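Have a look at the structure below, then the notes.
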Amino acid sequence: MQELLLNSLIFLGSLLVLLFVRRLFFGFIKKSSHDYSVMLLRVIRLPSLFWAIVISLYLTIELSPTKLLKYSSVIEKVLISILILSITSFFSNLLPELLQVYISKANLKFPRTGIVFVIIKLIVFVLGIITVLSYLGIQVAHFITTLGIAGLAVSLALQGTLSNVFSGLNLIASRQIEVGDFVRLENGEEGYVEDITWMNTVIRRRDNNLVVVPNSRLVNSILINYRKPIPSMNITVSVAIPYSSDLEKVERLALEVAREVQKTVEGADPSFEPSARYSAFTELGITLNVTLKVLNPDSQFLIRHEFIKRLKRTYEREGIAFIQPSAQPFQSA
């Protein structure tokens with residue numbers, strides 16, 4: 001009876017001291033203005049209580065009279081194993097939280113599914129179990145070998161899926177393509193990046209239809225991102241005119257119309273100075289390339305539309321002829 005009372009006092013005394021230290025630590029964390037404070041409190045609150053109990057039990061065993069000494073070795077191993085597992089649980093929750101904070105700070109647009117966080121937790125738990133087995137004297141070599149073979153088999157079976165997952169991670173981490181970017185694919189498809197998931201990238205075309213591209217194919221293809229490094233872009237409209245035309249006059253009028261479009265049409269860059277350059281002799285005439293600038297990819301079609309209308313009206317008024325429609329007088333570059 002006296003031994004039980006003494007053990008109880010040791011346990012309660014140790015527990016109270018540890019809970020007091022735990023409370024002081026929480027108070028210090030709450031006063032901290034660091035961004036990680038709230039996250040750390042959320043992750044450590046429950047495991048720290050468990051640690052206090054396990055450490056109190058361990059101290060009770062170590063400081064108890066002789067009757068518990070014959071069980072101390074077994075109980076000690078059990079307590080340390082439980083402590084290792086609780087620490088494993090703590091880190092399995094802490095690492096995804098740290099990753100989530102980093103994602104928020106870096107403004108990365110991660111997919112809504114949490115497969116990466118699940119993988120991190122699984123890896124930490126496997127390492128914790130291996131540590132416990134090793135501490136208990138159990139041979140883990142066969143376990144690790146079996147785990148490696150199983151992992152290899154799974155990776156071979158899910159080769160395509162894993163390729164898309166890691167390609168998606170590469171796309172998100174590199175930030176070369178982000179949600180909202182306007183891109184043109186190698187096959188000519190173009191549109192806005194609607195979503196980047198672990199498996200594929202969804203692109204919304206201008207007709208509001210969706211193009212779903214596997215991430216592995218997107219990573220290995222050539223594409224144009226019209227929002228990188230800046231949203232504005234140059235567009236070129238080609239004009240074909242007969243050899244009999246006055247080239248100086250044709251160029252001057254084209255520049256006047258281009259400047260007017262740049263100054264008056266919404267979506268054009270009013271500070272940009274357009275250019276006109278002759279580029280080639282063809283069978284029917286000479287090609288003139290007029291370069292304009294738009295503030296965003298959406299405006300390129302309206303700018304082309306307005307420039308072509310106004311240039312045709314100006315050329316007709318000035319008596320400048322156009323090549324017959326069969327010769328495709330206007331080409332968009």
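The values are calculated or read from the model by the stated rules, or taken from the named source; none is laboratory data. Not measured: the values here are computed from a predicted model. Neighbour counts are summed over all protein chains in view; Cβ atoms, including those assigned to glycine, are modelled from backbone coordinates with ideal geometry. Note: accessible area is taken over every heavy atom of the protein model, side chains too, but ligands, DNA and RNA are not part of it. Shrake-Rupley method; radii C 1.70, N 1.55, O 1.52, S 1.80 Å.
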Can you tell me how many residues within region 197-211 are under 17 Å from ILE172 (Cβ atoms) and at pLDDT 85 or above? 4
Consider LEU18 carefully, then state whether it is at pLDDT below 80 and surrounded by 15 or more Cβ atoms within 10 Å (Cβ to Cβ). no
Could you give me the residue pairs with C-beta distances under 6 Å whose first residue belongs to region 249-276 and is free of Cβ contacts under 8 Å to residues at least 40 places away in the same chain, whose second residue is part of a loop (DSSP other than H, G, I, E, B) and aliphatic (A, V, I, L, M) wherever it lies, and which are 6+ apart or on separate chains? GLY267/LEU295; ASP269/LEU295
Condition (residue is farther than 24 Å from PHE182 by Cβ, open to solvent by less than 80 Å² (accessible area, probe 1.4 Å), in a helix (DSSP H, G or I) and modelled with pLDDT under 90) applied to region 315-328: is it met by at least one residue? yes
Given the conditions (1) open to solvent by less than 10 Å² (accessible area, probe 1.4 Å); (2) over 29 Å from GLN176 (Cα atoms), and given that VAL265 satisfies all but one, which numbered condition is not satisfied? (1)
Looking at LEU284 and the list (1) surrounded by 15 or more Cβ atoms within 10 Å (Cβ to Cβ); (2) assigned to a loop (DSSP other than H, G, I, E, B); (3) in contact (Cβ under 8 Å) with a residue 60 or more places away in the chain, which single condition is not satisfied? (3)
Can you tell me which of VAL290, VAL250 is part of a helix (DSSP H, G or I), among the β-branched types (Val, Ile, Thr) and in contact with a strand residue (DSSP E or B) (Cβ under 6 Å, 6 or more places away or on another chain)? VAL250
Residues of region 280-304 being within 21 Å of THR264 (Cα to Cα), out of contact with any helix residue (DSSP H, G or I) (no Cβ under 7 Å at 6 or more places or on another chain) and hydrophobic (A, V, I, L, M, F, W, C), which ones? LEU295, PHE301, LEU302
Applying the selection to region 247-256, what residues are buried (at least 16 other Cβ atoms within 10 Å of the Cβ) and either in contact with a Pro (Cβ under 9 Å, 6 or more places away or on another chain) or farther than 17 Å from LYS312 by Cα (or both)? ALA254
Quick one: would you say LEU12 is at pLDDT 80 or above and farther than 30 Å from SER134 by Cβ? yes
